[in-house]
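Comments concern the structure below.
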Amino acid sequence: MKAILTEFPERIETARLYLRPAMPGDGKVVHDAIMASIKELKQWLPFAQNEQSEEDVEAGIRRSYAQFISREDFRIHIYKKEDNIFVGSTGLHRIDWDVRKFEIGYWGDSRYQKNGYITEAAESLTKFAFEHFQANRVEIRCDLRNINSSKIPERLGYKLEGILANDSLSADGKELRDTCVYAKVSKAAST
C-alpha cells in the first residue's frame, strides 16, 4: 500500500484527552500556548528561539497539515476532553514507511504541566503506531539534559538504547548536546 493512502482517524481518544491532526485554524490556541510556555520551550526546542506571531504559527500549522495529507509527518494536537482546552502537541515524525519506523515528539503548555497529559498522549500514540500502522519501531529522542522529557519514555517502558554524544546542537545552536535514544520495537520485529 502506498503511504499516502494510509488512513488516519479524526481523533484518538484516551481517558482524559483526545488527539487530532493539527488543522488550519489552530494557530491562535497554539500561539497562546507557546507564549505561555516560551521560557520552558526555549531551553529545548529550536522553534521557540525566535519570536513568532500568531500568523507565523498558523503558517507552520498549515505546512504541517500539508505533510499530514501527504503522510510525510503527523503533527498531532492534544486537547482535554472535558473542556476542549489545548494542552500540547505531539506527533509521529521521521517516518520510514518501508521499515515502519516512527519517532514521537512532544511539548506541553506549561500551564498544564504535572498532570500527566503528555505522558498519556505519548502512550496512546505509541499504542496507535503499533496497532494502526503495524510499527516495527517507535523512538523517542531527547536531549540528555532534558530530565522532564526523558521521564516520559522511561514511564512508558521504552528502552534506553544509547546516548549519542555530540549528536546535536542546543536549541539556541550555541553548544553541542548529547541525545538519548529510547525505543520500543514490535514483538515480531525483535524475534
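The values are calculated or read from the model by the stated rules, or taken from the named source; none is laboratory data. Since we're looking at a predicted model, the values are computed, not measured. Keep in mind that these areas ignore ligands, DNA and RNA; they rest on the heavy atoms of the full protein, side chains included. Shrake-Rupley method; radii C 1.70, N 1.55, O 1.52, S 1.80 Å.
Annotation: aspartates and glutamates with alpha-carbon distance below 12 angstrom to LYS2 (same-chain offsets under eight excluded): GLU72, ASP98. Highest mobility in the GNM of the chain, judged by mean-square fluctuation with C-alpha springs under 10 Å and restricted to THR90, THR126, THR179, is found for THR179. Need one word for the range 148-190: rounded, prolate or oblate. Basis is the Cα gyration tensor (sqrt eigenvalues a ≥ b ≥ c); a/c below 1.5 gives rounded, then a/b vs b/c decides. Judged from the Cα gyration tensor, the range 148-190 comes out prolate (a/c at least 1.5, a/b above b/c). For the chain, the 222 nm mean residue ellipticity estimated from helices alone, with every DSSP H stretch of n ≥ 4 adding -39500 (n - 2.57) and the total spread over all residues, rounds to -10000 deg cm²/dmol. By its C-alpha gyration tensor, with a ≥ b ≥ c as the square roots of the eigenvalues, how is the range 104-167 shaped: rounded for a/c under 1.5, else prolate for a/b larger than b/c, else oblate? Here the range 104-167 falls in the oblate category. Estimated at 0.36 nm per residue, the fully extended path between HIS132 and ARG145 surpasses their Cα-Cα distance by 1.4 nm. So for the range 64-157, considering every pair of alpha-carbon atoms, how many percent are separated by more than 24 Å? Value for the range 64-157 (Cα pairs over 24 Å): 20 percent. Of the heavy-atom accessible surface of the chain (probe 1.4 angstrom), what whole percent is carbon and sulfur? Answer for the chain is 49 percent, counting heavy atoms of protein chains only. Among complete DSSP H helices in the chain, none has alpha-carbon atoms stretching at least 27 Å along the helix's long axis together with a mean Kyte-Doolittle hydropathy reaching 1.0. For the chain, the relative contact order is 18 percent, taking Cα pairs closer than 8 Å that sit 6 or more residues apart in sequence and dividing their mean separation by the residue count.
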